[in-house]
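The values are calculated or read from the model by the stated rules, or taken from the named source; none is laboratory data. This is a predicted model, so every value here is computed, not measured. With ideal geometry, Cβ positions are generated from the backbone for all residues, glycine too; neighbour counts draw on all protein chains shown. Areas reflect the complete protein model, heavy atoms only, side chains present, ligands, DNA and RNA absent. Shrake-Rupley method; radii C 1.70, N 1.55, O 1.52, S 1.80 Å.
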Amino acid sequence: NAGVTQTPKFRILKIGQSMTLQCAQDMNHNYMYWYRQDPGMGLKLIYYSVGAGITDKGEVPNGYNVSRSTTEDFPLRLELAAPSQTSVYFCASSGRARWLHFGSGTRLTVV
Amino acid sequence: GESVGLHLPTLSVQEGDNSIINCAYSNSASDYFIWYKQESGKGPQFIIDIRSNMDKRQGQRVTVLLNKTVKHLSLQIAATQPGDSAVYFCAENTEMYSGGGADGLTFGKGTHLIIQP
């Protein structure tokens with residue numbers, strides 16, 4: 001199993017541009033999450049999903065959108081990128097156990 | 001504000017010594033706690049978890065202690081090795097959907113464990 005796979009690993013965006021961060025998991029987990037991690041800080045929850053077709057806002061959802069059309073995929077959409085969205089983004093999933101499996105992250109810089 | 005936090009941002013220990021990383025939480029409704037290890041440039045990696053009906057849980061070279069009275073969590077690493085150098089996060093969960101899973105974890109800021117030779 002590959003676990004949780006995130007693409008791209010790095011991206012530089014100009015202010016106002018849009019992009020989609022991809023996340024896929026092959027563990028058949030129902031629950032998926034997007035977190036952001038700012039330098040020297042812990043992780044903050046952006047959005048989460050408890051199954052295909054169901055998504056909910058986390059602590060810091062503004063400026064982001066998600067969709068969950070399949071169990072495997074949970075893309076995160078940034079519209080009108082802003083410098084405040086410069087961060088490292090982590091996708092995660094969980095199954096019966098309550099702990100999360102994390103991907104390797106996407107480092108995004110908005111200039 | 002954050003409901004989960006750590007006492008020290010950096011902890012320096014000698015190789016071979018035991019390490020103790022502390023965490024305080026404020027939500028008394030939290031019933032599940034996890035420790036993660038994050039190496040530079042990588043995603044967080046699960047180390048060990050503990051439920052609120054337990055006081056102690058041991059893994060390989062790691063022990064987690066939970067004191068619900070003072071809302072304190074600690075991670076003990078025995079015989080610290082260079083490979084233990086990382087940032088350690090505690091995380092908590094307060095809700096759970098029936099049948100398992102979670103609606104997301106709340107993370108502290110992390111403690112950077114530095115191993116001195």
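Couple of notes before you dig in:
Yes or no, residue by residue, for (1) of a type in the set (Ser, Thr, Tyr); (2) open to solvent by 20 Å² or more (accessible area, probe 1.4 Å); (3) modelled with pLDDT under 95:
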{"residue": "B:7", "(1), (2), (3)": "no, yes, yes"}
{"residue": "B:17", "(1), (2), (3)": "no, yes, no"}
{"residue": "B:29", "(1), (2), (3)": "no, yes, yes"}
{"residue": "B:51", "(1), (2), (3)": "no, yes, yes"}
{"residue": "B:61", "(1), (2), (3)": "no, yes, no"}
{"residue": "B:67", "(1), (2), (3)": "no, yes, no"}
{"residue": "B:97", "(1), (2), (3)": "yes, yes, yes"}
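- Residue A:64 vs. criteria open to solvent by less than 50 Å² (accessible area, probe 1.4 Å), of a type outside the set (A, V, I, L, M, F, W, C) and modelled with pLDDT under 95: no
- Residue in segment A:41-59 that is of a type in the set (Val, Ile, Thr) and touching a Gly at 6+ places or on another chain (Cβ under 7 Å) present: yes
- Verdict on residue A:90 being within 11 Å of chain B (Cβ to nearest Cβ), of a type in the set (Phe, Trp, Tyr) and within 18 Å of residue A:22 (Cα to Cα): yes
- Residue list for segment A:32-61, restricted to those being within 24 Å of residue B:112 (Cβ to Cβ) and surrounded by fewer than 20 Cβ atoms within 10 Å (Cβ to Cβ): A:38, A:39, A:40, A:41, A:44, A:59, A:60
- For segment A:28-59, filtered to residues that are in a loop (DSSP other than H, G, I, E, B) and touching a Leu at 6+ places or on another chain (Cβ under 7 Å), the residue that is nearest to the other protein chains (Cβ to nearest Cβ) is A:58.
- Every condition in (1) at the interface with another protein chain (Cβ under 8 Å from one of its Cβ atoms); (2) open to solvent by 60 Å² or more (accessible area, probe 1.4 Å); (3) at pLDDT below 90 holds for residue B:104 except the one numbered (2).
- Residues that are among the hydrophobic types (A, V, I, L, M, F, W, C) and either open to solvent by 10 Å² or more (accessible area, probe 1.4 Å) or within 20 Å of residue B:107 (Cα to Cα) (or both) were ranked within segment A:69-87; the one that is nearest to the other protein chains (Cβ to nearest Cβ) is A:82.
- Test: residue A:20 is over 20 Å from residue B:93 (Cβ atoms), at pLDDT 95 or above and assigned to a strand (DSSP E or B): yes
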